[in-house]
Amino acid sequence: MKKHYLIKVVRMFFCVMFIWVALEYSENIALADSKGLKGFPDNAVTREALQVQNRGCNSCHGKSMTNNLEKFKDGEPKLHIMAKTGYGKPEEIGHCLNCHQGFPLAGPKLAATIHTMHYKEKTAFQGDCFSCHHIDNKGNYVMWDDIKYELEVYGYSGYDSKDIRPVLDKWAKERGFNKGNQLGFTMDSALKGDMTFSQDVITPVKDIFAMRNFGTPPPMKPEDYLLTIKGLVNKETKYTLNQLKNRKQADSYLTHMCGSVKPGTPQIANLKWSGVPLKGVLEEVGVKKGADALYIHCYDGWEYTVPLVRALNPRSLLALKVNDEELSDWEGGPVRLVPMGGLGWELGLRIKSIELIDAKKQKQVPLAIAGASPEEPWQQGIGPNSGFLAPDSGTRVNQGDPVIIEGWAFAKGGIDTSPISKIYISGDYGTKWRAFPVKPGDPERWQYWKFNWQPPGKGTYLLKVKTIDLKGRMQPTKSSYPFMPEPQLPANLVITVE
Ligand code: HEC
Ligand code: HEC
Ligand code: HEC
């Protein structure tokens with residue numbers, strides 16, 4: 001019971017770690033944004049019946065909804081925990097709900113706060129319930145941004161059923177809708193073009209996402225930094241930064257993802273880390289028999305455990321650099337732990353001490369007990385996931401121009417990691433999926449893919465992506481991991497060819 005509760009706290013809490021980079025405080029609310037159709041085809045259904053132009057958080061807000069939130073804190077302005085989405089993508093409600101599920105420390109349920117913020121007296125908000133919501137086929141208020149690219153948005157379900165589809169297609173065609181579907185998207189079931197893959201594409205530092213629960217560690221002089229290795233070791237040892245810098249360095253290429261995300265999240269990064277292999281340090285201090293986990297303490301207060309077997313993996317590092325740049329305070333420098341195979345919360349910022357423990361005998365439970373027990377569900381991983389990186393949804397291209405679509409696929413499998421084996425793209429609401437097989441590679445790095453698509457003609461297309469791993473696990477449509485907010489619908493990309 002108690003453990004279960006803790007697990008929830010911990011999971012919600014820790015998308016922690018990507019801490020990065022200069023924040024841009026852009027203009028806060030760009031109401032002017034709201035007039036375009038945001039990539040939807042322009043027709044009576046989208047413009048008049050559904051009013052897609054006035055709906056969704058981003059129709060009023062610019063790229064960020066949290067930049068302004070420091071006004072909710074006392075004293076000096078502080079950043080909201082969701083500090084930065086990856087790849088300069090706008091914040092979306094889906095990125096908020098992975099934390100804001102009402103677990104202690106992970107953020108309150110958003111409904112009351114967001115309703116009040118917009119409906120309190122004298123607010124500039126001029127929308128209504130349907131600015132943010134849609135009512136689904138079961139009559140529930142759902143978030144418009146979650147469901148807007150699903151067919152049932154226009155009130156019909158079962159479009160993908162073989163019996164219903166021809167009837168609806170005929171109905172829609174008779175009323176002049178493009179190629180048969182009510183929203184007017186042009187269907188492309190063939191998806192001509194080839195796909196290439198790479199695991200070596202690195203996320204530039206400026207595109208790395210940032211989420212943190214303990215803020216930025218305050219500035220620290222390099223000479224003040226000290227790392228202690230203690231607990232079940234033969235020789236408790238302290239290392240200065242210089243001692244670590246003078247040791248043999250190694251590089252480790254790893255993909256990291258927030259542990260609680262929807263499909264298509266920009267909270268993913270493939271990085272080159274450089275630093276001191278943890279294995280050598282652990283061998284030097286001598287790990288005693290019985291130790292099976294590392295209990296990590298960070299200078300900012302964050303603590304968690306990592307299983308010893310993963311810490312001993314040659315790819316696990318005490319990282320001093322990311323993409324060849326020294327880690328700043330903001331990035332959790334000077335020394336950050338990068339264990340092979342962990343989710344975001346295991347990338348502790350500014351490591352203070354590493355305590356070797358026997359997890360079964362551990363009395364004091366660290367906040368994140370994630371690492372200790374391989375039986376825990378999140379140790380089984382969070383399932384295959386995939387998304388689009390470029391171009392931005394809503395992009396317009398001229399007919400005949402090459403359309404190069406970039407994206408990623410990754411299965412963060414925990415102890416059970418398996419490489420991605422296929423990427424699937426659909427251009428017809430998921431009725432058909434074209435499979436692009438990929439030679440299984442390193443499971444700890446993403447499959448970055450480039451699809452050189454030849455659209456069949458003019459129109460506004462809606463593409464979807466999903467993926468499968470070598471063990472045959474398909475990207476889940478229901479959350480396979482307790483932190484992930486529902487629904488788990490595949491990521492969408494809208495492109496207009498004109
Ligand atoms: C129709 C336009 C509109 C829509 C749609 C909208 N907002 Fe807002 N929002 C506003 C305005 C205007 C304010 C400023 C309210 C005030 O006067 O204090 C605001 C304020 C906020 C704030 C307070 C911080 C700030 O930036 O001032 C948050 C957080 C927020 N909105 C989140 C959301 C989320 C999440 C959604 C989607 C679920 C959403 N909004 C949808 C117009 C909108
Ligand atoms: C990584 C977790 C996380 C993410 C992601 C996140 N939040 Fe938060 N949020 C929190 C936590 C924790 C708090 C509690 C207050 C604090 O210490 O900042 C909070 C506080 C807030 C508050 C003030 C609530 C109140 O009643 O005081 C608002 C509003 C808010 N968040 C909106 C958002 C929006 C909108 C998004 C998405 C764009 C978002 N948050 C994404 C964790 C998160
Ligand atoms: C500015 C955006 C916004 C507006 C406007 C808005 N809502 Fe919401 N609503 C939200 C958010 C955000 C949630 C939280 C979703 C979640 O936690 O999954 C929510 C949740 C809900 C829920 C589910 C509550 C629950 O138990 O989780 C209902 C019902 C709801 N809203 C009804 C309404 C109604 C009725 C209106 C109009 C009077 C309205 N909302 C206007 C943003 C909005």
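Each value in this text was obtained by applying a stated rule to the coordinates, not by laboratory testing. Every value quoted in this text rests on a predicted model; they were computed, and no experiment measured them. Counting neighbours? That spans all protein chains shown, and the Cβs are built from the backbone with ideal geometry, glycine included.
The share of C-alpha pairs in the stretch 205-376 whose separation exceeds 25 Å stands at 27 percent.
Within straight-line reach of Lys352, meaning a Cα separation under 18 Å, sit the following lysines at least 8 residues removed in sequence or on another chain: Lys221, Lys230, Lys235, Lys238, Lys245, Lys279, Lys321. For the stretch 164-233, the dipole from Cβ point charges (+1 on Lys and Arg, -1 on Asp and Glu) about the Cα centre works out to 400 debye, to the nearest 20. Sparsely packed loop sites in the stretch 225-254 (the trypsin sites (Lys or Arg not before Pro) outside DSSP H, G, I, E and B with at most 11 other Cβ atoms within 10 Å) comprise Lys235, Lys248.
Estimated from the Cβ-Cβ distance and a Förster radius of 56 angstrom, the FRET efficiency linking Lys245 and Asp194 is about 0.80. Taking trypsin sites (Lys or Arg not before Pro) across the stretch 181-226, the ones in a DSSP loop with at most 14 further Cβ atoms lying within 10 angstrom of their Cβ are Lys192. How much length is gained on full extension from Val167 to Arg47, taking 0.36 nm per residue of separation minus their Cα-Cα distance? Full extension from Val167 to Arg47 adds 40.8 nm. Under a 5 Å amide H cut-off, with hydrogens placed 1.01 Å from N, Met340 pairs with Ser316, Leu317 among residues at least 5 apart or on other chains.
Computed from the Cβ-Cβ distance with R0 of 51 Å, the FRET efficiency linking Val397 to Lys288 stands at 0.25.
The amide H of His133, built 1.01 Å from its N in the peptide plane, has Trp144 as neighbours under 5 Å, considering only residues 5 or more places off or on other chains. A cut-off of 5 Å between modelled amide H atoms, ignoring neighbours fewer than 5 places along the same chain, links Thr467 with Tyr424, Gln475.
In this structure, the pairs whose alpha-carbon distance is over 23 Å, taken from Lys170/Lys192; Lys84/Lys272; Lys173/Lys466, are Lys170/Lys192; Lys173/Lys466.
One Cα centroid belongs to the stretch 292-324, the other to the stretch 125-169; the line between them spans 44 Å. Annotation for the stretch 88-136: GluC sites (Glu not before Pro) lying in DSSP loop with at most 11 further Cβ atoms inside 10 Å of their Cβ are Glu121.
Listed values for the stretch 300-315 are Karplus-derived 3J(HN,Hα) couplings in whole Hz (6.51 cos²θ - 1.76 cosθ + 1.60, θ = phi - 60°), namely 8, x, 6, 9, 6, 10, 10, x, 4, 5, 6, 5, 7, 4, x, 7, and x replaces Gly and Pro. Size estimate for the stretch 387-498 follows the Kirkwood approach: the inverse of mean 1/r over distinct Cα pairs works out to 15.0 Å.
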